[in-house]
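Read through the structure below, which is laid out as structure tokens, and then see the notes.
The values are calculated or read from the model by the stated rules, or taken from the named source; none is laboratory data. Bear in mind that the values here come from a model prediction, so they are computed numbers and not experimental data. Glycine also receives a Cβ, built like all others from the backbone with ideal geometry; neighbour counts cover every protein chain displayed.
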Amino acid sequence: MRRHHVAGIPAALLLLALAACSGPGGTESGAAQDMAEDVAPEADATYDANAPVSPGDDPQSTFSVDVDTASYDYARRSLHDGSLPPADQIRPEEFVNYFDQGYNEPEGNGFAVSVDGAELPDWYDAGDATHVMRVGLQTRSEPESERADVNLTFVIDVSGSMEGDRIALVRDSLELLVSQLRPTDSVAIVTYESDSEVLLGMTDVGDGDELRSRIGELYARGSTNMQAGLEDGYELAGEVFDPEKDNRVILLSDGEANVGITEHDAMLEELGDGIAEGITLLTVGVGDSYNQELLEQLADNGDGWAVYFATESEAERVFSERLTSTLGVTARDAKIQVTFDDATVAEYRLIGFENRALDDDEFEDDSVDGGEVGPGHSVTALYALTLTGDAGDVATVGVRWQDPDGEHTGSAEAVMPVAGLSEDPGEHLSVDLVAAAFAEILRGSAGFDCESLLPAARALAESSDDPDVDELAELIATASELGA
């Protein structure tokens, strides 16, 4: 039976989600980075990429952290299928953050902060920029034995667009995930198509027969009323909210919503008083094509992150390796603010994070939403720099976050001197630059091409023990063959 919508989901979350349904979102106003348009030569879309900024005009770059990797996952799937991914699906920061960074971990909650940099290699065309600075954050890994139990509320798209391989993949993925959880963890299932239904109330994983029986009942039909599914999912999660557990809503969908409230005013009037604090959202894009913009906006505004899979092996990586190893939240509402010294830096440009920009004065405003980061996660941001030639400090990096209980604010700071910019970027930063350049190629930025990038990628693959770096070189070769 259909549940009544009482609690609702956060107004800002649904507002941005429905705006995303109508097409790519606009640039956020008041951002520290001025925005300029890079038009993809092989696509019809227009992109708002960060433009170079003079520290004399604006010394501070402020944004919320992002640990999403869905953009890279989707690009990989498209290339494996023999097609270039749509340019508007590309997020450079999600390409960079896919790869291991080798950062040191902190002893407690919050972040260890590292800053380094190097000269830009010849193949990285960044206009007048000559150097790159890397800002790295790392949270502490948490042994499985130490993590809290979880309440996971799955909100599953069973509309007609999920028919066939997609819904079968969802069933197999849920079976896999349940096998990785503890008997004391709990799972609930809400499904939606034209309407929504609570298929299974919050049930201990130890009661495996009923849980697996409900998973086996998943099949696709009908239209797509995502709003109804999310409202029921959040209502259920709020009713069983346990402050001693990790409470999470997990949306699995291709992201296509075509039924429900679509007018913003009517939607906001329909919403209730919000939900229990402390419930995070993971959005999982499923299938060969999906609405990345919608799922990303939902995750960003639902205190969570977005991932993607289209095959069993990709699902295993998401649900077995990533999700079960990072259940929990180590830092909430995390933000970065980098203050550049105009005596040493002529211009800076943040690579990616365009839709995560904040006003500078929002950095210390704890009421402004930032990014949620789980245990063992890293966050990397790259800046292309044009230097003045004077000695001194390049920048001061500040990080601010809330502890998991939301009652205490943590902060950390690091300084990057000009003398710290090396001639050789080293393996990890080199991989970051290749990944960022590859993203720029796929979204049509001027000055980049696979032919120039491929030798550097292959050289890295030969010297690295990381299979993900090998795969990156192979993807660049595939993109080159497809004309990127």
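Is there a residue being without any contact (Cβ under 8 Å) to a residue 60 or more places away in the chain and out of contact with any strand residue (DSSP E or B) (no Cβ under 7 Å at 6 or more places or on another chain) anywhere in segment 116-132? Walk me through it before giving the result.
Step one: filter segment 116-132 for residues without any contact (Cβ under 8 Å) to a residue 60 or more places away in the chain, giving 122.
Checking the rest, the ones that are also out of contact with any strand residue (DSSP E or B) (no Cβ under 7 Å at 6 or more places or on another chain) come to 122.
Yes, segment 116-132 has at least one match.
Take the residues in segment 124-135 that are among the hydrophobic types (A, V, I, L, M, F, W, C) and assigned to a loop (DSSP other than H, G, I, E, B); name whichever of them is modelled with the highest pLDDT.
Here the residue is A129.
Would you point out the residue of segment 62-81, among those that are part of a loop (DSSP other than H, G, I, E, B) and not polar (S, T, N, Q), that is nearest to S480 (Cα to Cα)?
So the first thing to find is which residues in segment 62-81 are part of a loop (DSSP other than H, G, I, E, B), and the list is 65-69, 81.
From what is left, the residues that are not polar (S, T, N, Q) are 65-68, 81.
Numbers: V65: 31, D66: 28, V67: 27, D68: 25, D81: 14 Å.
If we take residues in segment 62-81 being part of a loop (DSSP other than H, G, I, E, B) and not polar (S, T, N, Q), then D81 is nearest to S480 (Cα to Cα).
Does any residue in segment 346-371 that is closer than 21 Å to T280 by Cα come within less than 6 Å, Cβ to Cβ, of a residue that is acidic (D, E) and modelled with pLDDT of 90 or more six or more places away or on a different chain, and which pairs are these?
Matching pairs, first to second residue: F353/E93; V368/E362.
Going by the conditions given, is A112 surrounded by 15 or more Cβ atoms within 10 Å (Cβ to Cβ), more than 21 Å from the chain's Cα centre (by Cα) and of a type in the set (G, A, S)? Even if it seems obvious, please write down each step before you answer.
Working: surrounded by 15 or more Cβ atoms within 10 Å (Cβ to Cβ): yes; more than 21 Å from the chain's Cα centre (by Cα): no; of a type in the set (G, A, S): yes.
Criteria not met by A112.
Could you pull out the residue among G56, G30 that is modelled with pLDDT under 95 and not aliphatic (A, V, I, L, M)? Walk me through how you get there before you give the answer.
Values: G56 fails: modelled with pLDDT under 95.
So the residue among G56, G30 that is modelled with pLDDT under 95 and not aliphatic (A, V, I, L, M) is G30.
Of the conditions (1) touching a helix residue (DSSP H, G or I) at 6+ places or on another chain (Cβ under 7 Å); (2) exposed (fewer than 15 other Cβ atoms within 10 Å of the Cβ); (3) small (G, A, S), S213 fails just one. Which one is it?
If we test S213 against (1) touching a helix residue (DSSP H, G or I) at 6+ places or on another chain (Cβ under 7 Å); (2) exposed (fewer than 15 other Cβ atoms within 10 Å of the Cβ); (3) small (G, A, S), just (1) comes out false.
Exactly one of these conditions fails for F448: (1) modelled with pLDDT under 95; (2) under 23 Å from G136 (Cα atoms); (3) buried (at least 16 other Cβ atoms within 10 Å of the Cβ). Give me its number.
Going through the list (1) modelled with pLDDT under 95; (2) under 23 Å from G136 (Cα atoms); (3) buried (at least 16 other Cβ atoms within 10 Å of the Cβ), F448 breaks only (2).
Those residues that are in contact with a Lys or Arg (Cβ under 7 Å, 6 or more places away or on another chain) and either surrounded by fewer than 20 Cβ atoms within 10 Å (Cβ to Cβ) or more than 30 Å from N247 (Cα to Cα) (or both), I need them from segment 360-398; list them, please. Spell out the reasoning first.
If we filter segment 360-398 for residues that are in contact with a Lys or Arg (Cβ under 7 Å, 6 or more places away or on another chain), which is where we start, we get 363-364, 370, 372, 375, 380, 382-384.
Within segment 360-398, E364, L382, Y383, A384 qualify.
Need the failing condition index for R221 against (1) touching a residue at least 24 places away in the same chain (Cβ under 8 Å); (2) within 17 Å of A188 (Cα to Cα), just the number.
For R221, the exception is condition (2).
Go over the candidates P86, P106, P121 one by one and state the one that is closer than 24 Å to P467 by Cβ, modelled with pLDDT of 90 or more and not small (G, A, S).
Just one listed residue meets the conditions, P121.
Suppose we filter segment 33-53 for residues that are modelled with pLDDT of 85 or more, in a loop (DSSP other than H, G, I, E, B) and either buried (at least 19 other Cβ atoms within 10 Å of the Cβ) or touching a Cys at 6+ places or on another chain (Cβ under 6 Å) (or both); how many remain?
Summing the residues that are modelled with pLDDT of 85 or more, in a loop (DSSP other than H, G, I, E, B) and either buried (at least 19 other Cβ atoms within 10 Å of the Cβ) or touching a Cys at 6+ places or on another chain (Cβ under 6 Å) (or both) in segment 33-53 gives 1.
On the basis of being out of contact with any helix residue (DSSP H, G or I) (no Cβ under 6 Å at 6 or more places or on another chain) and at pLDDT 95 or above, does P425 make the cut?
Values: out of contact with any helix residue (DSSP H, G or I) (no Cβ under 6 Å at 6 or more places or on another chain): yes; at pLDDT 95 or above: no.
It is false that P425 is out of contact with any helix residue (DSSP H, G or I) (no Cβ under 6 Å at 6 or more places or on another chain) and at pLDDT 95 or above.
Sort out which residues of segment 324-345 are of a type in the set (G, A, S) and buried (at least 20 other Cβ atoms within 10 Å of the Cβ), and write them in order of number.
Taking segment 324-345 as the starting set, the residues that turn out to be of a type in the set (G, A, S) are 325, 328, 331, 334, 343.
Of everything in segment 324-345, those that are of a type in the set (G, A, S) and buried (at least 20 other Cβ atoms within 10 Å of the Cβ) turn out to be A331, A334.
Restricting segment 54-72 to residues that are surrounded by 22 or more Cβ atoms within 10 Å (Cβ to Cβ) and out of contact with any Lys or Arg (no Cβ under 6 Å at 6 or more places or on another chain), which is nearest to I476 (Cα to Cα)?
Y72
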